[in-house]
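Remarks on the structure that follows.
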Amino acid sequence: MKPIYLYLFIPLLMTSAMAIADGKVVSISQTPGDSIAIWIKAAKDRNHSQQERIAYLEKAYIQTHNEHNDSLRCTRLLDIAHTYYKLDDSLNFRKVNKEAFELAMTLKDSNNIARSHWYWGNFYSKKRVKDSAYYSYFKAQKIYESVNNNFYSGRMLLNMAIIQSDLKDYTGSEITAIKAISILKPLQKYRQLYGCYNNLGIVLNELGDYNKALYYHNEALKYQQKIKSINTFKANTLNNIGVVYEMQNNYKKAINYYQQALQEKNLKQNNIGLYAMLLDNLAFSTLKLNDTLTAKKLFYKALEIKDSIGDFKSMSINKLHLAQYYLVVKDTGKAVQLISEAKELSAKTHNDRDLLTSLLLLSKLDKKNNYQYSSQYIKLNDSLQKKERSIRNKFARIRFETDEFIDENERLSRQKRLLFLVLGFLALLSGMGFVIKNQITKNKELKFEQLQQNANEEIYNLMLAQQFKFDEGSRKEKKRISQELHDGVLGKLFGTRLILNTLNDKADEESIKKREKYISDLQEIEEEVRNVSHELHNRSLITDVGYVRLIENLLESQCKISNFEYEFSHDDNIVWEEVNGSLKMNLYRILQEAIQNINKYAKATKVAINFKSEDNTIILEIHDNGVGFHKNSKNEGIGLKNMRSRVAKLKGELTLNSSPGKGTSIHISVPYR
C-alpha cells in the first residue's frame, strides 16, 4: 500500500516548489505623487479588508485612463492585473491583463508582452490548467530569451519544469530544469537555483533514481544556505529527503529528516501547511515502524491543523494515511469510512490522484461495491493516462513546432544573409561607380570653378578697364576745359585788363573810379576761372576711385527697381588697388546677390551698405528695413547659399540676422592680407 500514498504525496511537494517559483514577479515602481502607484500600494496592504483592497485597485484602474504615456500605462495595467491575481479576483485579472497585453502588442513592447504571458501562466497554474500554464510560460520564455533577459528566461524554464513534473513528463522536466540551471548559475540567482535542484530531486525520486534524487536535494540545501531572506526552504528540502528514504523503506532515516525539519525555528508560524504535512509524513513512517500509538496522535494532529486552515486538498491524503493506521489495527470499517471521506474530498477539490487511490482502496476493501469502484478506477485511470499523454504530446508539439520555427527562421536568415551579401556586393559596385563618377564630376566642377574664377577676373578687369577709360576720358575732357579756360578765357581777360590799363586817357575822377571798378571785376573773374581750372586739373589726377564707382553704379541701378533709398559708406583706409581682384569680384557678386534678394523679397525702403577694414580683414555690412523672416524655419534659397559658398571660398564668415518685421542684417568678414 505504501506506493499509493507516497505517489499521492509527491504532488504536494511539487506544489510547494511551484509556490516558490510563482512568487513575486515584478515590484511596483513608485514615484512621489503618482496616484496609481499609491492606490496599488494600498491594495497590497493586508491591513485592509479584501473588499477595500479591490476598491483601491478599481480606483487605480480608472486612473490609468488618464495616463497619456502608453508605455507607462501598460506597465501600470500589468501591476494592477498582478495584484488582482494575488487577491484571487479572476474576473478583473482577466480583463486588465488582456487589456495590458493588447496595448503591449500595439506598442511592440516585448518585455511587457512577456510579462503578460507570465501572469497568464501564474493564473492558469493556480487554476490547475497545466497545459495553458505551460504554453504561457513557454511564450514568455521565448520572448525573454530573444531580448537577452536571461534571469526571467531561466525563471520561466523553472516554472515549465515544475508543470512538466506535475504532469509526469519527468524526462522533459529534467531537461528543462537543467537548461534553467545553465542560465541561472552564472547569474548566481540562489533562490531560483534552489527551486531547480528541488524540482530535480522530486523528478529523480519519481523515476526511481534515489541516489541522484538525494544528490539534487543536497545541492538544493547548499543554495538554500546562500539565500539571505527568511524562508522555509530548508524544512521543505529535509521533508523531500525524508520522502526519498521512505521510498527506499529506510523509515528510521526518513523519521530523522522529518524531525530535523520540524525543529526548524518558527516553522509552524511561517508555514503551517508544511508543518502539518511533516507531521503527516512523520506519522506514516512511525506507523511503518509499528509505533501505532504515536502515529495515531500525529495523524490526528496533522488533520486538525489542515482542517483549521481550510487545506481541504491535502486533507484527503491525510485521511488516506489515517485509514492505513486503522487497517493496521484491524478496524476495516473505520478505514473504509476515512477512505470514502477522502474520495469525497478529492472529488470536490479536483484532486485526481487522491481520488484514484481512494477508488482503488475501496475496490479492495468494500466487497459489496468492489465492481462499481473498480470500474470507476479503471475509467478514471484510463482518462488520466490519456490526458497526461495528450498533454505530454502537446508539450512535445510546442517544442517541436518552436524548433521547426527556429529552423525555418535560420533558413530564412541564411537566405537573407546570402541576399544581403549579393546586394552588398552590388551596392559596393554601385558605390565604386558612384565614387568614380562623383570624382569625375568634382574634377569637372573644380575645372569649371577655375574657369569661372578666371572669367570673373577677366570680367572684373574689363569692368575696371571700362571704368578707367571712362575716367580717363573724363580726365582728358576736364584737362582740355582747364586748358581752354586757362589759355583762352584767361588770356583774353588778361588782354582786356591790359587794354583798360592803357586806356587811361581820361583823368577825371569819375572815369578813374569806373576803370578801377572794371579792372577789379576782371581780376575777380580771372581768379575764379583760375581756381576752377586748378580744381578740374587736380581732380583729373585722382585714380583710386574705380571699385567704389562700380559699387555706386550697382546701387544706383538696383535702387530704381523697388524704389529704395540707400546709404553707402566705405573706409578710406582700404586701398582697393592693393586688394586681390578675385576678392573684389566675389564681394561685388555677394553684394549684387544681396541687393537682388532685397528687391525680390524684402519690400525695403532703406538699405545701408558699409565697407570697413579691421585687422587685415574687409568687413561688408548690409542692412535693410524690410519685412524680414524666421531664419530657423525658412529654407535658404539658392541666392543665400551662393553667398555662403563664395564667403567660404574666401575663407571668411557670413552671419545673418533676421526676424519678421525687423528687417535683415548680413555681416561678412574676409581676410585680404
Practice problem: Just tell me which lysines come within less than 28 Å, Cα to Cα, of Lys606; anything on the same chain fewer than 8 places away is out. | Solution: Lys560, Lys584, Lys631, Lys634, Lys641, Lys662
Self-check item: Förster-model FRET efficiency, 51 Å R0, Ser562 and Glu67, C-beta, rounded to 0.05
Solution: 0.35
Quiz prompt | Counting DSSP beta bridges with both ends in the range 546-671, the antiparallel % (nearest 5) | solution = 80 percent
Quiz item: Which of Lys367, Lys416, Lys139 comes first, and how do the rest follow, when ranked by fewest Cβ neighbours within 10 Å?
Solution: Lys367, Lys416, Lys139
Quiz prompt | Cα gyration tensor category, rounded, prolate or oblate, for the range 332-375 with a/c compared to 1.5 | solution = oblate
Practice problem: Kindly state, to the nearest 0.05, the FRET efficiency for Lys649 paired with Arg417, given R0 = 45 Å and r defined as their beta-carbon distance. | Solution: 0.45
Quiz item: So for the pair Lys348, Lys41, with labels modelled 7 Å out along Cα→Cβ, what separation do we get in nm?
Solution: 4.2 nm
Practice problem: Can you tell me the relative contact order of the range 546-671? Whole percent, Cα pairs under 8 Å, sequence separation 6 or more. | Solution: 24 percent
Quiz item: Of the peptides 418-430, 144-156, how do they stack up when ordered by the mean number of other Cβ atoms within 10 Å, highest first?
Solution: 144-156, 418-430
Exercise. First check a/c for the range 90-229, with a ≥ b ≥ c the square roots of the eigenvalues of its C-alpha gyration tensor; if it is under 1.5, answer rounded, and if not, answer prolate when a/b is larger than b/c or oblate otherwise.
Key: prolate
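Throughout, read-outs are computed from the coordinates displayed, never taken from laboratory work. Worth saying up front: this structure is predicted, and the values here are computed from it rather than measured. Every residue, glycine as well, gets a Cβ built from its backbone with ideal geometry; the counts of neighbours run over all protein chains shown.
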